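Heads up: the structure comes next, in structure tokens.
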Amino acid sequence: DFNLVKSWKDLQNFLKANVGKKPSDVKGVLFLIGVQELGKGNIIFTKEEKQDLIHIATCKVLSYGGFYELEGYDKEGWPHWKVVKPLPFVDLFLQENLLKHYIIHFFRNEIGLHI
């Protein structure tokens, strides 16, 4: 899909201009979303916490498709999500495109980015 490819490149360029680094893949963008969703600012995370941040972001963006729902927050302020409906069985390429679609949706709706 041409629009998805163009919007993704626009998002990468926006992030490069505003974060100082162009994320090389979907996981890099998901990490940034996870940090945003956690709301603790720019702190150093452990490897496990980075994986958790990517998971938080994945749940957040897929919540736009009705796949996840926010359950609440633990005592440290980390959000927890529950599965509402299973993800469609698709190959890795389609899974990545689905994530990109909802990531772009996140930046348009949560950040107000016009891409």
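The values are calculated or read from the model by the stated rules, or taken from the named source; none is laboratory data. Quick caveat: nothing in here was measured; it's all calculated off a predicted structure. Counting neighbours? That spans all protein chains shown, and the Cβs are built from the backbone with ideal geometry, glycine included. The area values use the complete protein model at the heavy-atom level, side chains included, leaving out ligands, DNA and RNA. Shrake-Rupley method; radii C 1.70, N 1.55, O 1.52, S 1.80 Å.
Structure summary
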quantity: Cβ pairs under 9 Å, 6+ apart, first in the stretch 30-45 and farther than 19 Å from F107 by Cβ, second open to solvent by 60 Å² or more (accessible area, probe 1.4 Å) and acidic (D, E); calculated: F45/D52
quantity: Answer from A17, A57 - the residue that is outside any loop (DSSP other than H, G, I, E, B) and either in contact with a Pro (Cβ under 6 Å, 6 or more places away or on another chain) or open to solvent by 30 Å² or more (accessible area, probe 1.4 Å) (or both); calculated: A17
quantity: Count - residues of the stretch 60-90 that are of a type in the set (V, I, T), without any contact (Cβ under 8 Å) to a residue 40 or more places away in the chain, open to solvent by less than 50 Å² (accessible area, probe 1.4 Å) and not in a loop (DSSP other than H, G, I, E, B); calculated: 0
quantity: Criterion (open to solvent by 60 Å² or more (accessible area, probe 1.4 Å) and assigned to a helix (DSSP H, G or I)) met by exactly one of K22, K9; calculated: K9
